Structure formats: structure tokens, C-alpha cells
Amino acid sequence: MGLGGGGGTDEATRALLGHALSLSGSEQPRVSIVPTAVGDDPVSTLRMYGRLHGRADVSHLPFFPWPPEDIRERALASDVIFVQGGNTANMLAIWRTHGFDRVLREAWEAGVVLCGWSAGMICWYEASVTDSFGSQLEGMRDGLGFLAGSACPHYDGEERRRPVYTKLVAEGFPAGVAADDGVGVVYRGTEIDEVVTVREGATAYRVGPDGETALAARLLV
């Protein structure tokens, strides 16, 4: 489940996270938070613990100063792996250095729910729009490639996202999916199963060379 961004309020964000947890089918899922994109920032990680408190058995998978020896076992024992936002390019480089990209594919193939917002949304695709290289937005063709095409988060939350992404795709960048803040794009395998939202009017879009097409979204709150 790829999330374009948080829901704007704690209540809305918790509702969005609750839906992600429900995809595991467990009443008290085992959730592994992956905060690599924010450099394992403790404040951000603790905030996620707070959002999931009482709703899941929560732990996190750190990469600084190095990942735990049992990171594969911990990842595969998870019901849900949640990837936080931050610097996508740095995150992917660190994961590949330690072989975690292969662990994530193994977890995905084993049925673990993979989800996240911002960097945690776009990392699963072949390509994405990212601010990993500075304040400007750029197209990056270096994703994990579990999902075909490209992705763009924060579609209505950041002024430059929509024009940059649509221009890139019109000029030959891989077509793909964009998600507004507070929107979740749910996949079954490699196909979109449903779009959910916690913000009235917010949704996801298929973006191609000829423009964008809004997808129907189900309101959670």
C-alpha cells in the first residue's frame, strides 16, 4: 500500500495507518518500521511508535551504525513493513549495500504487507519523482522495481509535484501513479485493487503521456 503522504491530522493519519494494518488480516499485527530514509532519526521513529501504539506489536529495523545480524529474520517475521519518508536515493543505496533490497523482495513474495509514505511509497516502483538530490524535483529511474512504471507522492500537497511529474511523463518518463496526501493506493500483487482516502476530494491518478485520469477513492473517515 503506497501512501501519498499523511492525512493532515493525527486522527486522519491514524485512520490511514489503520487501513494499512488491516491488510495483514491480523488484529495485532507485527509491524517493522524502517526509518532509513530519515537516517534512523529517533524523533521520527518514536512518532511512528506513538501512532501505532496499542494497535500493533511494533519494532524498527535500524541501519545505523549498521543493521542487526538478524534483520532478514525480523523482516520475514513481520506482518507489515512500514517505510518512512525521507531521502529515497540514500535509502535505496543503503539497502542495496546491505542486501536489504533482496530481503524486501523475499518478504513481498512471502505475503508481508509492504507500505509507507513518500519515499516509502515510491521506492517500490521502477521510477519516481524525488527531491533526493536537492530542493528541486527530479525523475529517478532507480527504484526497487517490484511495481512497473513510476510514482509520485504529495501530488496535491506540494506545488511543484503535479507539473513536474506530468511534464516528465509527457517527455518520455515512465507512466505511472500519483497520490495526493492522505491517499493510499492498495495493490494485490502488481495491480491496483483499491484507492482509499482520509481527505474528501483527495485521490490517486494514473498519469500518462496524454495527461492524468483520476481513480475512484473510498473515503475512510
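Some observations on this one:
- In this rough spin-label picture, where each label sits 7 Å from Cα along the Cβ direction, the THR213-PHE133 distance is 3.1 nm.
- About the centre of its Cα atoms, the chain shows a dipole size close to 80 debye [charges on the beta carbon of Lys, Arg (+1) and Asp, Glu (-1) only; nearest 20 debye].
- As a calculated quantity, the FRET efficiency between HIS98 and ASP41 at R0 = 22 Å, using C-beta atoms, amounts to about 0.75.
- Loop GluC sites (Glu not before Pro), segment 106-161, which have at most 13 other Cβ atoms in a 10 Å radius of their Cβ (DSSP): GLU159
- Radius of gyration over Kirkwood radius for the chain, both on Cα atoms: the Rg/Rh ratio is 0.94.
- Positive-end residue of ALA151, ALA202, MET140, charge dipole of segment 83-221 with Cβ unit charges: MET140
- For a label point 7 Å along the Cα-to-beta-carbon line of TYR49, residues of segment 70-109 with backbone N under 13 Å: none
- Summed residue charge, Cβ within 14 Å of VAL58's Cβ, Lys/Arg positive, Asp/Glu negative: +4
- FRET efficiency, 1/(1 + (r/R0)^6) with R0 30 Å, evaluated for THR190 and LYS167 via beta carbons: 0.70
- Cα convex hull volume per residue for segment 36-130 (Å³): 94 Å³
- Charge tally in the Cβ shell below 15 Å around VAL177, where Lys, Arg are +1 and Asp, Glu are -1, VAL177 excluded: -4
- Theoretical gain in end-to-end length, ALA175 to ARG206 [0.36 nm per residue, Cα-Cα removed]: 10.4 nm
- For segment 1-71, the set of GluC sites (Glu not before Pro) satisfying both a DSSP loop assignment and a count of at most 14 other C-beta atoms within 10 Å is given as GLU27, GLU69.
- Residues in segment 62-221 average 45 Å² of solvent-accessible surface per residue, probe 1.4 Å, ligands and nucleic acids excluded.
- Ellipticity at 222 nm from helices only: DSSP H runs of n ≥ 4 in the chain, each -39500 (n - 2.57), divided by the residue count, give -8000 deg cm²/dmol.
- Were the residues from GLN28 through ALA77 laid out at 0.36 nm apart, the gain over their Cα-Cα distance would be 16.3 nm.
- Taking the chain and dividing mean pair separation by its residue count, relative contact order in percent (alpha carbons under 8 Å, at least six apart): 22 percent
The values are calculated or read from the model by the stated rules, or taken from the named source; none is laboratory data. Bear in mind that the values here come from a model prediction, so they are computed numbers and not experimental data. Please note: Cβ atoms are built from the backbone with ideal geometry, for glycine as well, and neighbour counts cover all protein chains shown. Ligands, DNA and RNA are stripped out before the accessible areas are found, and what is left, the full protein with its side chains, is counted by its heavy atoms. Shrake-Rupley method; radii C 1.70, N 1.55, O 1.52, S 1.80 Å.
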